[in-house]
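What follows is a single structure, written as structure tokens, with notes after it.
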Amino acid sequence: MVLIRTPSDIQSSEITPESVYRERRRFMQAGLAMAGGLALGPQVLQAKTGAYGNLPRSPLSTDEELTELKDVTSYNNFYEFGTGKADPAENAHTLKPSPWSISVEGECAKPGTYTLEDILKPHALEERIYRLRCVEGWSMVIPWVGFSLGDLLKRFEPTGNAKYVEFVTLEDKEQMPGQRWPILRWPYVEGLRMDEAMHPLTIMAVGLYGDVLPNQNGAPIRLVVPWKYGFKSGKSIVKIRFVEQQPVSSWMRSAPSEYGFYSNVNPEVDHPRWSQRTERRIGDFIKRKTLMFNGYADQVASLYSGMDLRKNY
Ligand code: MTE
């Protein structure tokens, strides 16, 4: 993939050594692309030759410039494979994404164990280009391959007692060696309120960049909630539980003063140890302002009307 942007809005005071390096590389790539006679647009997708090439693009997609595939797959948070950003790409080869099944439990009429094939069969996959913003202050734009979580959950016929949904990642020390250390409470758990889970923006992703999910990105199936900090988007899901009580996520359990249940992107509320006003888009060298609900406020702010977002962080 080749991406070109003219850095006309860059102030020299904001240039850091790393960014100088990155931009120089971009200009070299631009030069090579022009020499090759390629047409250059604001968002240039790499050729889609993978398992999910040529899927329709959802109108819910952003048209922002994509983060390069190599960054999407080598700068990850997946603590089951280590806490360094490069660790998941290096270590996640021990994960076996096939065969895979998901156990559906709790407040629903159709609990059971469903194979990944059962899960996927009735759903039309599409490309959803979403921002993912991490609470650590970086963000990416990723062309996910996925389908609506709400459509999936409806198939299990949740009862009136289902107020929340819990998502549980695989627990297996052989496949996920990082689970030998108590860095987080294993298995990794995330949760959504039912209306958040049913929102049309919320997806289960099974691929990115037109191909199956790389292990380090949460193969074979993960949650993506684009208006929340990335840490709400649990990876390698093996259990979906409909529950009446608000679930306790692994991050809430490990640092309750830093990570709440809601985890909405909110530039007005600082993390206890750092500001949340700006973010660095991976591949860029100047920081940008972080947008409320990660730029999805028009679609999701109403879910939280009347709530104090300082208390419900
Ligand atoms: N899911 C599991 N099981 N384990 C994790 O450590 N990290 C979260 C989230 N899902 C995490 C997880 C965090 S902090 C982020 S920012 C995103 O995954 C990162 O997703 P990516 O590596 O695909 O960009």
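Bear in mind that the values in this text are calculations on the coordinates, not laboratory data. All figures in this text were calculated on a predicted structure; none of them were measured in a lab. Backbone-built Cβ (ideal geometry, glycine too); neighbour counts: all protein chains shown.
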Within segment 231-241, is even one residue within 12 Å of the chain's Cα centre (by Cα), not in a helix (DSSP H, G or I) and not hydroxyl-bearing (Ser, Thr, Tyr)? yes
Residue check for ASP195: away from the ligand (no atom under 12 Å from the Cβ), closer than 19 Å to LEU116 by Cα and out of contact with any strand residue (DSSP E or B) (no Cβ under 7 Å at 6 or more places or on another chain): no
Do you know which residues across segment 227-249 are closer than 18 Å to ASP151 by Cβ and either acidic (Asp, Glu) or more than 12 Å from the ligand (Cβ to nearest atom) (or both)? ILE240, PHE242
Restricting the search to segment 253-262, which residues are within 13 Å of the ligand (Cβ to nearest atom) and either buried (at least 23 other Cβ atoms within 10 Å of the Cβ) or free of Cβ contacts under 8 Å to residues at least 24 places away in the same chain (or both)? ALA255, GLU258
In segment 121-141, the residues that are of a type in the set (D, E, K, R), surrounded by fewer than 19 Cβ atoms within 10 Å (Cβ to Cβ) and either outside any loop (DSSP other than H, G, I, E, B) or more than 9 Å from the ligand (Cβ to nearest atom) (or both): LYS121
Hits in segment 210-219 (condition: of a type outside the set (Val, Ile, Thr) and either surrounded by fewer than 23 Cβ atoms within 10 Å (Cβ to Cβ) or within 9 Å of the ligand (Cβ to nearest atom) (or both)): GLY210, ASP211, LEU213, PRO214, GLN216, ASN217, GLY218, ALA219
PRO226: passes all of (1) of a type outside the set (Phe, Trp, Tyr); (2) exposed (fewer than 15 other Cβ atoms within 10 Å of the Cβ); (3) assigned to a loop (DSSP other than H, G, I, E, B) but (2)
